[in-house]
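Here is the structure we will look at, set down as C-alpha cells.
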Amino acid sequence: MNEVNNPLVSSESSSAGDAEAINYLKQALADGQHWYLALLGAMGLWASAEEVRDDRTCRYLIDGEAFDWLLLAERLCETVDGLLPEDEKNTLLFRGVPPLELPAAEVRKLIGESKYAQYLSYFYGVTVEDALLLAVQEEIDKERRVRGFRNQSESTDEAYQRIYSTTREDLLKLFRQKKQYTRLNSITLTELKEFTYWLFKYRLKRCEKAKIASDTRKALEYLKRQWQKRGIFNVLAADLSCDDPA
C-alpha cells in the first residue's frame, strides 16, 4: 500500500512527481496489484495542479483547493491504455462507479491526507453545489406542475434566485470579472466546474450557518436518491454525512 501525502501544486518541479506517479502505476500493474488500488496510489504521487494536453486544459486542482479526482483518473488511465479492464475503467470514468468499495480511511491513506482534503473541497464545492441547484430546481418543477406550468428554463432561473438571490447571468458575469476571464456566449466544462466552486464559496460567505447546513442536507439527500436510482456509490464520499461544510 502506497502511503503518500503529496498535494497538487503549481510549479515546474511538479513534472518529476507526475512521472513518478505514472511509473508507479505501471509498475504496480506489472506486480499484479488491483488496477484501482494502483490508480489511487498513483494519484497520491501526482503533483501538477493542471496541464495542457492536445489543446485541452486539464485543471486537476480548482482554485488551488478542490481536487477533481475523476479528471486525474482519466489522465492516468490514458498512460496504461489497454492494460485495464475496459468495462470497469469506463464505469469509473463515465459513471463515477469504482470497481471496489473501499472505506474512506483506506482511500485517504492511498491518496494522502492533503489530497483527500482537497477531494472533500471538490465534493462539497462542485458535486454537492451542483446537486443543490438540481434539488431546488426539482422542488420548483413540482410546484409548477401543481400550478400547471412546465417551463424548465424558468425553474432554473428561479433556482438561482432562491439559492443566491440573483440570476445565473449576473453571477457568471461577476465570476468572470473576478477571474479576469473573457466574456463568452458559451462555457467550457473546465470553466463550469470553476464557476460552480465559486458559487459554493459565494453562498458560504452570504448565508447563515443554519441555511448552509439545511442546503447541504438537501443536496446530499438528492445525491443519495440519484445514486440509489442508478446503483452508484461514490467511494471517496463513503464516510460523508450531512454536516455543515463551512
Screening GLU169, GLU194 for residues that are of a type in the set (D, E, K, R) and either within 19 Å of ALA131 (Cβ to Cβ) or not in a helix (DSSP H, G or I) (or both) leaves only GLU194
Note on LYS26: of the conditions (1) assigned to a helix (DSSP H, G or I); (2) closer than 20 Å to LYS115 by Cα, unmet is (2)
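Each row is one residue, and each column tells you yes or no for (1) in contact (Cβ under 8 Å) with a residue 40 or more places away in the chain; (2) surrounded by fewer than 14 Cβ atoms within 10 Å (Cβ to Cβ); (3) within 22 Å of LYS209 (Cβ to Cβ).
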| site | (1), (2), (3) |
| --- | --- |
| ARG108 | no, no, no |
| GLY125 | yes, no, yes |
| ARG147 | no, yes, no |
| THR156 | no, no, no |
| GLN177 | no, yes, no |
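Search segment 1-53 for residues being of a type in the set (Ser, Thr, Tyr), in contact with a strand residue (DSSP E or B) (Cβ under 8 Å, 6 or more places away or on another chain) and surrounded by fewer than 19 Cβ atoms within 10 Å (Cβ to Cβ), and hand back the single one that is modelled with the highest pLDDT. Show your work before the answer.
Filtering segment 1-53 for residues of a type in the set (Ser, Thr, Tyr) gives 10-11, 13-15, 24, 36, 48.
Checking which are in contact with a strand residue (DSSP E or B) (Cβ under 8 Å, 6 or more places away or on another chain) leaves us with 10, 14-15, 48.
Add one more test, that the residue is surrounded by fewer than 19 Cβ atoms within 10 Å (Cβ to Cβ), and what stays is 10, 14-15.
On the way: SER10: 52, SER14: 70, SER15: 81.
Only one residue fits best here, namely SER15.
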Item checked: Yes/no for LYS142 being touching a residue at least 40 places away in the same chain (Cβ under 8 Å) and within 28 Å of ARG225 (Cα to Cα) -> no
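So, restricting to helices (runs of 4 or more DSSP H) that lie completely within segment 59-149, which ones have at least 2 residues that are aliphatic (A, V, I, L, M) and out of contact with any helix residue (DSSP H, G or I) (no Cβ under 8 Å at 6 or more places or on another chain)? Outline the logic, then answer.
Values: elements: 69-79, 86-95, 104-111, 113-122, 129-147.
Where helices (runs of 4 or more DSSP H) fall fully within segment 59-149 and carry at least 2 residues being aliphatic (A, V, I, L, M) and out of contact with any helix residue (DSSP H, G or I) (no Cβ under 8 Å at 6 or more places or on another chain), they are 113-122.
The values are calculated or read from the model by the stated rules, or taken from the named source; none is laboratory data. These numbers were taken from a predicted model, which means no experiment stands behind them. No Cβ is skipped: glycine too gets one built from the backbone with ideal geometry, and neighbour counts run over all protein chains shown.
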